[in-house]
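The values are calculated or read from the model by the stated rules, or taken from the named source; none is laboratory data. Remember, predicted model here, so these are calculated numbers, not experimental data. Here Cβ is always computed from backbone atoms with ideal geometry, including for glycine, and neighbour counts include all displayed protein chains. SASA here: full protein model, heavy atoms, side chains in, ligands and nucleic acids out. Shrake-Rupley method; radii C 1.70, N 1.55, O 1.52, S 1.80 Å.
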Amino acid sequence: MADQSATTSVLSGFLASIRRDLLVAARHKAELTNPLVFFLIAVTLIPLGVSPEKSVLVLLAPGIVWVMALLATLLSLDGLFRSDYEDGSLEQMLISPQSLYFTVMAKILVHWLVSGLPVTLMAPVLGLMLHLPGDGFLPLLTSLALGTASMSLIGAVGAALTVSLRKGGLLLSLIVMPLYIPVLIFGASAVQSAIQGGAIGMQLAVLGAFLALAIVLAPIAALGALKISSNG
Amino acid sequence: MAWQWFHRLGSPRWFYEKTSPWLPWLTVISIALIVTAAVWGLAFAPADYKQGNSYRIIYIHVPAAFLALAGYYIMAISGAVGLIWKMKLPFMVMKSAAPIGAILTFISLVTGSIWGKPTWGTWWEWDARITSMLILFFLYLGMIALQQAYQHRDTADKSSAVLALVGMVNIPIIYKSVDWWNTLHQPATIKFTSKSTIDPSMLYPLLIMVIGFYCFYALVLLLYTRVEILRRENRTQWVNDLIANNK
């Protein structure tokens, strides 16, 4: 019985955190739309800056969409723990009896739901603008869905490390970007290979493996980093 | 009893005093090894049948690259030791290892680039090895930036230890991923399990150079750490005594 009530409370606490964070996100609509607008504008710059030729854009499309999705995710990371840190609710969470792993996990999940998922859903539109061939759309969606989730998880560690710094944003990108490189490589190459008619099972499997590893390790590291940041 | 040395490592003063006599030895050994290897490798080793004399940069490039990687693990492991056993000294080692590692990574990138020009005909190629070294360089820079960002030393230490550990998980992943992505760099020529593909007349000076670089690395790391110890313990009596006696 005791076991069962403990499981229920972990689950209900997890759901309560998700509900709360979603509510907070819903009340800051600008923060929700800004990464998407950034994504759109940044992708628009490429045809203007490089070349509007279809033959060039076809070649670059998978990489452009992936790099810009990465940057858009990065842009929204800084806010992941920031407001909770500033108004003191983060400390309340750290001293609460709830399992912290799930609290952090809930925050990361909500971050993905409000940044990674919209970016993923918007990517096909940008793919269309960049003349992405028809075979590339489904791989783009799947690889971005898997990849942005990994990026939210890895990025959470960086966000937790820099939360106590007043100007942590640039530093955050500096320390997180190198860690994103494997995700970028396999994500973009999945789309590339699909366009050329190749198999994409290997790339998606690797992205899935990254995600699994990140789910296990990243919340633990983020949690440790949050404890350090809130003590100092 | 066997663990006593480990507990003593928690004391910066003990470390500072015990390592003092090592310094001249390490200096002599690393200079001897590096000079021997340099003279042997640069003057007496035969020229490569394909690359001519240009291959000789291997005697700097390979040891620097070895230590750039090993240095990251040294940094991450000392960070982990500091976090787990809550000791002061490992954090000082970790902090000292970051700039040294960054410099070594930079040296291996630059020498690789100089080597690449005559052999591959290009200064830079987005090849797996080169790219992963560049990313390693970025990881080091991130470590240094994070360490410098905090006002509070304790937070800086612990945060950068977490970052070093996260990076340590990522290094093999990055290495493998860029490896599958694209490749031009020659495969490893020194193998420990099977016969090396490099001729012994070239291999021996290289091995001596690698050992010499390891000794040199140990020396530099010790020196950096000792400076860090003095800086952090500058309010203690023993450091003040030390300074008073040296005057």
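Some notes on this structure:
- The mean number of partner chain beta-carbon atoms within 10 angstrom of a residue's beta-carbon across peptide B:145-151 is 5.
- Dividing the summed helix terms, -39500 (n - 2.57) for each DSSP H run of n ≥ 4, by the number of residues in chain A produces a 222 nm estimate of -28500 deg cm²/dmol to the nearest 500.
- Segment A:114-232, relative contact order [Cα under 8 Å, separation at least 6], %: 36
- Check: segment A:43-197 dipole with +1 on Lys, Arg Cβ and -1 on Asp, Glu Cβ, in debye: 140
- A simple charge model with +1 on the Cβ of Lys and Arg, -1 on the Cβ of Asp and Glu and nothing else charged puts the dipole of segment A:1-100 at about 360 debye relative to its Cα centre.
- Surface composition of chain B: carbon and sulfur make up 68 percent of the accessible area, probe 1.4 Å.
- When its C-alpha radius of gyration is set against 2.2 N^0.38 Å (N residues), segment A:43-82 gives a value of 1.48.
- Degrees separating the helix B:237-246 axis from the principal Cα axis of chain B, which is the longest one: 70
- For segment A:125-174, projected area of the alpha-carbon convex hull averaged over all directions, nm²: 4.6
- Here is the size of the protein assembly as shown from its Cα atoms: Rg then Dmax, 25.4, 79 Å.
- Convex hull per residue volume in Å³, alpha carbons only, for segment B:1-145: 142
- Cross-link partners for A:LYS167 among the aspartates and glutamates, with Cα-Cα distance under 15 Å and sequence neighbours closer than 8 places in the same chain left out: A:ASP78, A:GLU86.
- Accessible area per residue for segment B:1-64 is 64 Å², calculated with a 1.4 Å probe on protein heavy atoms, without ligands, DNA or RNA.
- Angle in degrees between helix B:89-120 and the longest Cα principal axis of chain B, rounded to the nearest 10: 10
- Rolling a 1.4 Å probe over the protein heavy atoms gives segment A:82-232 an accessible area of 39 Å² per residue.
- Short-range pairs are left out: with C-alpha atoms under 8 Å and at least six residues apart, the relative contact order of chain B is 31 percent.
- Between the residues A:ALA218, A:GLN98, A:ALA145, the greatest Cα displacement towards the positive end of the dipole of segment A:73-232, with unit charges on the Cβ of Lys, Arg, Asp and Glu, is found for A:ALA218.
- Share of Cα-Cα pairs in segment A:1-130 lying beyond 27 Å, as whole percent: 36
- Peptide A:92-104 has a mean shielding of 0, counted as Cβ atoms of other protein chains within 10 Å of each residue's Cβ.
- Chain A, relative contact order in percent, only Cα pairs under 8 angstrom and at least six apart counted: 25
- Of B:LYS18/B:LYS95; B:LYS50/B:LYS117; A:LYS107/B:LYS88; A:LYS227/B:LYS86; B:LYS18/B:LYS86; A:LYS227/B:LYS88, pairs whose Cα-Cα distance is over 26 Å: A:LYS107/B:LYS88
- Peptides A:215-228, B:21-34, A:178-191 ranked from most to least packed, by the mean per-residue count of other Cβ atoms within 10 Å: A:178-191, A:215-228, B:21-34.
- Total formal charge among the other residues, if their Cβ is under 14 angstrom from that of A:LEU15, Lys/Arg +1 and Asp/Glu -1: +2
- Phi-based couplings in Hz for segment A:213-225 (Karplus 6.51, -1.76, 1.60; Gly and Pro marked x): 4, 5, 4, 6, 8, 4, x, 5, 5, 5, 4, x, 5
- Projecting the Cα atoms of B:LEU42, B:SER54, B:TRP14 onto the dipole axis of segment B:1-130, where Lys and Arg carry +1 and Asp and Glu carry -1 at the beta carbon, places B:TRP14 farthest toward the positive end.
- Size of electric dipole in the protein assembly as shown: Cβ of Lys, Arg +1 and of Asp, Glu -1, about Cα centre, debye, nearest 20: 920
- Space enclosed by the convex hull of the alpha-carbon atoms of segment B:89-143, per residue, Å³: 65
- Cα gyration tensor shape for segment B:1-56, rounded if a/c is under 1.5, else prolate or oblate: prolate
- Prolate/oblate/rounded call for segment A:150-232, Cα gyration tensor, a/c under 1.5 rounded: oblate
- The HN-Hα couplings worked out from phi for segment A:168-178 by the Karplus form 6.51 cos²θ - 1.76 cosθ + 1.60 (θ = phi - 60°) are x, x, 5, 4, 4, 5, 4, 8, 8, 4, x Hz, whole numbers, x standing for Gly and Pro.
- Here the convex hull built on the C-alpha positions of chain A has a volume of 124 cubic angstrom per residue.
- Between A and B, accessible area buried - total, square angstrom, nearest 100, 1.4 angstrom probe: 2000
- Alpha-carbon geometry of chain B: the Rg and the Dmax are 20.1, 62 Å, given in that order.
- Residue by residue along A:159-167, Cβ atoms of other protein chains within 10 Å of the local Cβ number 4 on average.
- HN-Hα J in Hz across segment B:139-153 - Karplus 6.51, -1.76, 1.60, θ = phi - 60°, x for Gly and Pro: 4, 4, 4, x, 4, 5, 4, 5, 4, 7, 6, 8, 6, 8, 5
- Overall form of segment B:60-130 per C-alpha gyration tensor (a/c, 1.5; a/b vs b/c): prolate
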